[in-house]
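Chemist: Sharing a structure here in structure tokens format.
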Amino acid sequence: MPLPRWTALVCIVAAVGCAGAAVATNVRRPLGADLTSTAPTGAPARLRFDSSSSARMIRSTAANLPAATYSPVQAEHGEAVFKRACAPCHAPTQFVGQQFVESWNGRRLFDFYALVRSTMPLNDPGSLKDDEYLGVLAYLLKANHAQAGPDSLRPDTTALRAKKIAVGLP
């Protein structure tokens with residue numbers, strides 16, 4: 001039984017679209033998650049990237065957005081939260097320095113917030129309060145040399161989407 005012409009056309013358009021997406025130039029490997037040996041899940045486990053497949057992650061940038069700022073008080077609170085809730089699984093240096101700057105500089109603050117809020121802590125994702133998640137973000141911004149400002153980060157998704165992560169090395 002022959003296929004209708006519109007079905008064949010849809011299949012061709014889909015194939016061309018997929019092939020075009022495969023040649024994107026803004027492709028980065030996913031950020032790995034290395035856990036410490038004392039993590040509740042056991043020994044360190046590295047996320048694996050299947051380089052043999054055509055799977056790719058497109059890194060969105062927010063070059064035209066203003067840089068996110070944090071209040072120093074919020075960063076201090078975030079450091080305490082990080083030590084209590086994050087440090088049992090993550091080394092403090094895992095999110096500070098070259099790897100963090102290369103992975104997150106120029107991206108929307110909301111992207112990082114949504115990732116952390118939906119996946120951490122590993123044994124109970126989403127269990128922290130909004131001000132604790134935002135405090136951790138403020139601490140990581142400070143640790144990666146972002147500019148402090150007069151206002152704290154707020155749990156307003158519109159405001160978080162309107163700012164970019166602007167960090168660097170010392």
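Chemist: Test residue 96 against the stated conditions and say whether it is buried (at least 17 other Cβ atoms within 10 Å of the Cβ), modelled with pLDDT of 95 or more, closer than 19 Å to residue 133 by Cβ and of a type in the set (Val, Ile, Thr).
Modeler: Answer is no for this residue.
Chemist: Which residue, of 114, 63, 85, is assigned by TED's automatic domain parsing to the domain that holds residue 146, surrounded by fewer than 17 Cβ atoms within 10 Å (Cβ to Cβ) and among the aliphatic types (A, V, I, L, M)?
Modeler: None of the others qualify; the one that does is 114.
Chemist: Answer yes or no: is there a residue in segment 125-146 that is more than 20 Å from residue 72 (Cβ to Cβ), at pLDDT below 95, out of contact with any Gly (no Cβ under 6 Å at 6 or more places or on another chain) and of a type in the set (A, V, I, L, M).
Modeler: Scanning segment 125-146 turns up no residue that is more than 20 Å from residue 72 (Cβ to Cβ), at pLDDT below 95, out of contact with any Gly (no Cβ under 6 Å at 6 or more places or on another chain) and of a type in the set (A, V, I, L, M).
Chemist: Can you tell me which residue is surrounded by the most Cβ atoms within 10 Å (Cβ to Cβ) among those in segment 142-170 that are within 16 Å of residue 62 (Cα to Cα) and hydrophobic (A, V, I, L, M, F, W, C)?
Modeler: Per the stated criteria, the residue is 165.
The values are calculated or read from the model by the stated rules, or taken from the named source; none is laboratory data. All figures in this text were calculated on a predicted structure; none of them were measured in a lab. FYI the Cβ positions are ideal-geometry reconstructions off the backbone, even for glycines, and counts take in every protein chain you see.
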